[in-house]
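The values are calculated or read from the model by the stated rules, or taken from the named source; none is laboratory data. Because the structure is predicted, anything quoted here is derived from the model rather than measured. Virtual Cβ from ideal backbone geometry, glycine too; neighbours counted across all protein chains shown.
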Amino acid sequence: MEERGPWKTLSIEERYSTPWISVSHHDVIDPSGQTGIYGVIHFKNLAVGIVPLDEDLNTWIVGQYRYPLSTYSWEIPEGGGQRDRPAIESAKRELREEVGIEAARWTTILEMDLSNSASDETAILYVAQGLTFFEPEPDHNEELEVRKLPFSELFDLVMRGEVRDSLTVAAVLKVQLMLMNGSLTR
C-alpha cells in the first residue's frame, strides 16, 4: 500500500497509453477511510508557453483548431517538451517552429499545474524579448495561423473571454501585472 498524503493507494492499473498521455485506474482509501477509485491522467511531456514581446509591446498569437473542444482557438505559442530536458529548450523550439521567432532574452514568468484534480500536467510560461524573425516551420500535423497584435489588444481579448486557453490566459494576466508594476522592461 502506498500513502499519498491522507490517501492510501491499494492498486494502480494503467488502462490507456499514447506517446503523450497515460490513464490509470487507482483503487484507494480516501481521507475519510472509505474505499473508492481515482482516475489519473499522466502527461508524458511538460507544457511550455511563450509570450513574445517586441520593443513596442506587440506580441504574436497562433490560431488553430483544437480537436478535443471542436473549436478554433487563439493562443500564445505553446507546446510540449520532454521532461528530461530543460524546459527553455522546448520553449525556444516551439517559438521558432510556430511563429518563426528567436529571442535574445527569456524570462520565466510562471510555473503552474493545469488540472490537478485529475492530471499531473504542469506548465512553464515565458516572456521572450529581443526578437529576430524567420519563416515559421510548424509540425506536419499543425495548420496554424499567426497574428501580430498589440499586447494590450490580447489582454482585452482575454478579459472579454474571447481567448480562453489556460496557458494564454495565465501568461497574459501575469505579463500585464509585470508591465504594470515595472518588473518587466521593454
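Values computed for the structure shown
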read-out: Residue within the stretch 173-184 that is within 16 Å of Val48 (Cβ to Cβ) and either without any contact (Cβ under 8 Å) to a residue 24 or more places away in the chain or in contact with a strand residue (DSSP E or B) (Cβ under 8 Å, 6 or more places away or on another chain) (or both) present; value: yes
read-out: Cross-chain or 6+ apart pairs with Cβ under 8 Å, the stretch 65-86 first and over 19 Å from Met159 (Cα atoms) and among the aromatic types (Phe, Trp, Tyr), then at pLDDT below 95 and in a loop (DSSP other than H, G, I, E, B); value: Tyr65/Glu143
read-out: Enumeration of residues in the stretch 135-183 that are among the charged types (D, E, K, R), out of contact with any Ser or Thr (no Cβ under 9 Å at 6 or more places or on another chain) and in a loop (DSSP other than H, G, I, E, B); value: Glu135, Glu137, Asp139, Glu142, Glu143, Arg160, Glu162
read-out: Enumeration of residues in the stretch 93-130 that are without any contact (Cβ under 8 Å) to a residue 24 or more places away in the chain and part of a strand (DSSP E or B); value: Trp106, Thr108, Glu111, Asp113
read-out: Tally of residues being part of a loop (DSSP other than H, G, I, E, B) and more than 22 Å from Lys44 (Cα to Cα) across the stretch 1-21; value: 3
read-out: Leu144 in the same structural domain as Gly49 (by TED's automatic domain parsing), of a type in the set (A, V, I, L, M) and modelled with pLDDT under 95; value: yes
read-out: Any strands (runs of 3 or more DSSP E) falling wholly within the stretch 33-80 and containing at least 1 residues that are aliphatic (A, V, I, L, M) and under 27 Å from Met180 (Cα atoms); value: 45-52, 58-66
read-out: Only listed residue being surrounded by 12 or more Cβ atoms within 10 Å (Cβ to Cβ), polar (S, T, N, Q) and in a strand (DSSP E or B), chosen from Ser24, Ser90; value: Ser24
read-out: Test: residue in the stretch 142-151 that is free of Cβ contacts under 8 Å to residues at least 40 places away in the same chain and either farther than 18 Å from Ala128 by Cβ or surrounded by 14 or more Cβ atoms within 10 Å (Cβ to Cβ) (or both); value: no
